[in-house]
Amino acid sequence: MPLRPIDAIFVHPKRRLYVVYYRGELWALPRMKIDDRSWQNRQPYTDDSSSLYLSIHQAISDPVLAQKLRTLNLPAAVRGSTLPRFEAWWETNGFKWLKDKLATGESPLAAHQTVAPKIAVAKAIDKQTVFPSNYQPASLNDTSTIKQKSNEQIAVSVEATDIFADMLADLADEVLNQHD
């Protein structure tokens, strides 16, 4: 049994579906899409677990689902592993890997791998040096629209960052307070 229940995304290549390893239980998603709607329609996975492979992409782009599933940015060496091999790695190396990540100040959460560029864009917009890709110039009389759109994007980005910051704080607290 792994030291810490972990959330991870696996792929069943023949049936073409995602299987989520959620706190030690396997859940099949009804389609090849990882979002909150798919999660709501999940079914227990009861087939042979040896045919599941750890997905290369662990980041979840849906912010609602990312709050529920705290997937980690796992090392490249275990990506693509079968479920039994992954569980053996996690039991042997998982705690040390998490502790090392946190000790160096790196985020182990896969969600942070996709949020960082959004934060940079929001900061650039705030400084008015870069505009989003969907920016369309407004007339000189319509500058309030530009400011409103920029502020909305910053608010969304900061909200998403807060969610992931809370997730990282919980994880760090759990790992650092665990006894060896």
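The numbers here are math on the coordinates, done by the rules we state, and not lab data. Because the structure is a prediction, the values reported are computed rather than measured. Note that we place each Cβ from the backbone using ideal geometry, even for glycine, and neighbour counts take in every protein chain shown.
Worth a mention:
- Prolate/oblate/rounded label for the range 10-53 (Cα gyration tensor, a/c 1.5): oblate
- Estimated FRET transfer efficiency (residue 85, residue 169; beta-carbon r; R0 35 Å; 0.05): 0.70
- Sequence-distant contacts, meaning Cα pairs under 8 Å at least 6 residues apart, place the relative contact order of the range 7-103 at 25 percent.
- Going by neighbour counts of Cβ atoms within 10 Å, the residues 18, 45 line up, fewest first, as 45, 18.
- The ranking of 71, 46, 82 from fewest to most other beta carbons within 10 Å of each one's beta carbon is 46, 82, 71.
- By the count of neighbouring beta-carbon atoms within 10 Å, fewest first, 64, 11 end up ordered 64, 11.
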